[in-house]
Amino acid sequence: MAENTNSAASLPPGDPQLIALIVEHLKNRGLFDEFRRDCLADVDTKPAYQNLRQKVDNFVANHLSTQEWSPSINKNQVRNGLRQSVVQSGMLESGVDRIITQVVDPKLNHIFRPHIEKAIHDFLASDKKEDGASNLTSEADQQDATSSNVTPKTQ
């Protein structure tokens, strides 16, 4: 890990490798899980979610009402057909976009961004400390090596 973080100091802003290191750091700190929990706690109270759920429930009820039921019906086939119909209807895509607008967007600048900025700052600060510590260590190693090469003068 020290090798990866030491190389982060030399990477320019926006470099894909630097971004990957920062994202990994955010994941290791559990920030994405925290954000997910925060959003999921809110989602079922928002009108966009309630509206989408109602649309899907009605769509499923209508779809199933057109099915001819028999004891030998292949339930997996019916389920897959229903799933395809829901996806093809486009209601999920537009509904999820509205949910994101109502749940994620309000939290973006006030909750998520400060946490992310702090984590990035901590990552870069720890990277500089590790880089400085490794430079000090290598300088001390070099000094030890040169002092061991010096032989005391004998009279």
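The values are calculated or read from the model by the stated rules, or taken from the named source; none is laboratory data. Predicted, not measured: the structure shown is a model, and the values here were computed from it. Methodologically, a virtual Cβ is constructed for each residue, glycine included, from the backbone with ideal geometry; neighbour enumeration extends over all protein chains shown. Ligands, DNA and RNA are excluded from the accessible area calculation, which covers all protein heavy atoms including side chains. Shrake-Rupley method; radii C 1.70, N 1.55, O 1.52, S 1.80 Å.
Residue check: is residue 48 surrounded by 14 or more Cβ atoms within 10 Å (Cβ to Cβ) and either at negative phi or not in a helix (DSSP H, G or I) (or both)? Yes. Summed over region 51-71, the residues that are loosely packed, with under 10 Cβ neighbours inside 10 Å and closer than 18 Å to residue 87 by Cβ give a count of 2. Only residues that are open to solvent by 50 Å² or more (accessible area, probe 1.4 Å) and either of a type in the set (A, V, I, L, M, F, W, C) or under 18 Å from residue 121 (Cβ atoms) (or both) were counted across region 24-44, and they come to 8. Those residues that are part of a helix (DSSP H, G or I) and exposed (fewer than 11 other Cβ atoms within 10 Å of the Cβ), I need them from region 84-95; list them, please. Across region 84-95, the qualifying residues are 84, 88, 93.
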